[in-house]
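Some notes on the structure that comes next.
The values are calculated or read from the model by the stated rules, or taken from the named source; none is laboratory data. Because the structure is a prediction, the values reported are computed rather than measured. Please note: Cβ atoms are built from the backbone with ideal geometry, for glycine as well, and neighbour counts cover all protein chains shown. With ligands, DNA and RNA removed, areas are computed over all heavy atoms of the protein, side chains included. Shrake-Rupley method; radii C 1.70, N 1.55, O 1.52, S 1.80 Å.
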Amino acid sequence: MPQADVIWKNGELVPWDEAKIHVLTHALHYGTGVFEGVRCYDTEIGPAIFRHHEHVDRLFRSSSLYYMPIPFTQEQIRQATLETVAANGLRSCYIRPIVFRGEGPMGLNPLDSPVDVAIACWEWGAYLGDEGKANGVRAKVSSWRRLSPAGLIPHAKATGQYLNSVLAKIEATKAGYDEAILLDDAGVVCEGSGENLFVVRDGRIVTPPQTASILDGINRRSVIEIAGDLGYEVVERDLARAELYLADEVFVTGTAAELTPIREVDDHPVGTGEPGPITREVQRVFEDALHGRDERYRRWLDPVPVSEQVS
Ligand code: PPE
């Protein structure tokens with residue numbers, strides 16, 4: 001994977017290779033960490049982080065759901081992220097803030113272990129491939145159900161919870177598909193292994209509701225707003241598995257995946273088998289928003305303070 005120069009760790013920037021942890025880190029054993037996936041784009045107004053405040057806010061909420069007090073304020077974490085991107089001289093990158101229970105007593109009670117924080121960033125291209133982003137990917141409904149809200153907290157972006165996505169992703173890729181779609185505990189459509197999901201039927205956009213064990217995706221919210229601004233009706237309701245096969249269009253959204261069309265589900269072509277017109281239109285405006293090309297959504301960008309160098 002591409003490396004950058006420095007990583008922010010508990011308040012200071014350290015060289016990439018020195019951002020290490022002990023093998024008895026609590027989170028390594030018990031999954032007691034929470035994280036974010038954030039992206040910085042080289043926009044019309046310079047490098048800028050997309051919906052930065054919302055990501056920092058979700059990090060703190062995830063952390064609080066697992067009783068992990070972060071020893072920094074939201075504003076300190078936001079400034080640290082801006083500083084890390086700037087120090088690495090990156091104009092466009094993926095950013096991974098992580099908060100975790102560090103080296104402390106073994107055993108399930110994490111409350112006496114320190115809460116460590118790190119922020120790394122690196123260049124990361126299209127998550128499901130450039131081809132996939134342009135022409136759509138092939139998905140498989142997973143035999144693994146999305147983690148149940150009776151056992152864990154789907155709204156939290158917690159490290160241990162990702163074993164669920166990992167199983168689904170392994171199954172889908174071993175079977176020759178690009179991505180997994182998980183149903184929830186009740187058998188209704190939930191989301192991709194690392195993305196929220198949208199279906200277009202009869203000109204309407206439908207996406208599973210907050211109660212369907214989804215992660216409350218920040219790009220999901222952005223796309224709902226953009227689609228509304230474009231005049232589309234967006235409905236949050238339960239989706240039956242068969243509606244994936246009967247859909248005119250299907251697409252997923254996420255920080256890593258951005259907006260990626262799904263062109264096949266379980267070997268059924270979605271619609272014509274190519275990304276449909278509504279997907280294309282929403283994707284175009286969403287990409288404009290990410291890159292600061294649409295003034296309406298400039299409020300979603302948090303500029304990275306960089307000295308403009310003439311090269
Ligand atoms: N659901 C899940 C399970 C999920 O992991 C993500 C993000 C989303 C929905 C979309 O959320 P948002 O990014 O706020 O729109 N997945 C992150 C991790 C991907 C990874 O492989 O790591 C991401 O996109 O950064």
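Once region 179-202 is narrowed to residues that are within 15 Å of the chain's Cα centre (by Cα) and not in a strand (DSSP E or B), the residue that is nearest to the ligand (Cβ to nearest atom) is 194. For region 272-281, a residue qualifies if it is surrounded by fewer than 19 Cβ atoms within 10 Å (Cβ to Cβ) and farther than 28 Å from residue 58 by Cβ, and the qualifying residues are 272, 273, 274, 277, 280.
The set of residues in region 244-255 that are open to solvent by less than 50 Å² (accessible area, probe 1.4 Å) and not hydrophobic (A, V, I, L, M, F, W, C) comprises 249, 253, 254, 255. Checked against the criterion of being open to solvent by 50 Å² or more (accessible area, probe 1.4 Å), assigned by TED's automatic domain parsing to the domain that holds residue 178 and farther than 29 Å from residue 60 by Cα, the candidates 221, 241 yield just one match: 241.
A quick yes/no check of all residues on (1) closer than 16 Å to residue 183 by Cβ; (2) within 16 Å of the ligand (Cβ to nearest atom):
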residue: 206; (1), (2): yes, no
residue: 214; (1), (2): yes, yes
residue: 221; (1), (2): no, yes
residue: 226; (1), (2): no, yes
residue: 253; (1), (2): no, yes
residue: 259; (1), (2): no, yes
residue: 264; (1), (2): no, no
residue: 271; (1), (2): no, no
residue: 277; (1), (2): no, no
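Among the residues of region 225-233, is any open to solvent by less than 20 Å² (accessible area, probe 1.4 Å), under 21 Å from the mean Cα position of the chain (by Cα) and in contact (Cβ under 8 Å) with a residue 60 or more places away in the chain? Scanning region 225-233 turns up at least one residue that is open to solvent by less than 20 Å² (accessible area, probe 1.4 Å), under 21 Å from the mean Cα position of the chain (by Cα) and in contact (Cβ under 8 Å) with a residue 60 or more places away in the chain. Checking 214, 205 one by one, the residue that is closer than 25 Å to residue 297 by Cα, part of a loop (DSSP other than H, G, I, E, B) and β-branched (Val, Ile, Thr) is 214 and no other.
When you check residue 145 against the structure, is it of a type in the set (D, E, K, R), part of a strand (DSSP E or B) and more than 12 Å from the ligand (Cβ to nearest atom), yes or no?
no
Can you pull out the residues in region 161-184 that are on the phi < 0 side of the Ramachandran plot and surrounded by fewer than 18 Cβ atoms within 10 Å (Cβ to Cβ)?
Across region 161-184, the qualifying residues are 162, 163, 166, 167, 170, 171, 173, 174, 175.
Where strands (runs of 3 or more DSSP E) fall entirely within region 225-311, those with at least 2 residues that are over 29 Å from residue 84 (Cβ atoms) are at 234-236, 249-254, 258-265. Between 24, 59, the distinction of being farther than 22 Å from residue 124 by Cβ and not assigned by TED's automatic domain parsing to the domain that holds residue 154 belongs to 24 only.
Check 263, 298, 284 and return the single one that is surrounded by fewer than 16 Cβ atoms within 10 Å (Cβ to Cβ) and touching a residue at least 24 places away in the same chain (Cβ under 8 Å). Exactly one of 263, 298, 284 is surrounded by fewer than 16 Cβ atoms within 10 Å (Cβ to Cβ) and touching a residue at least 24 places away in the same chain (Cβ under 8 Å), namely 298.
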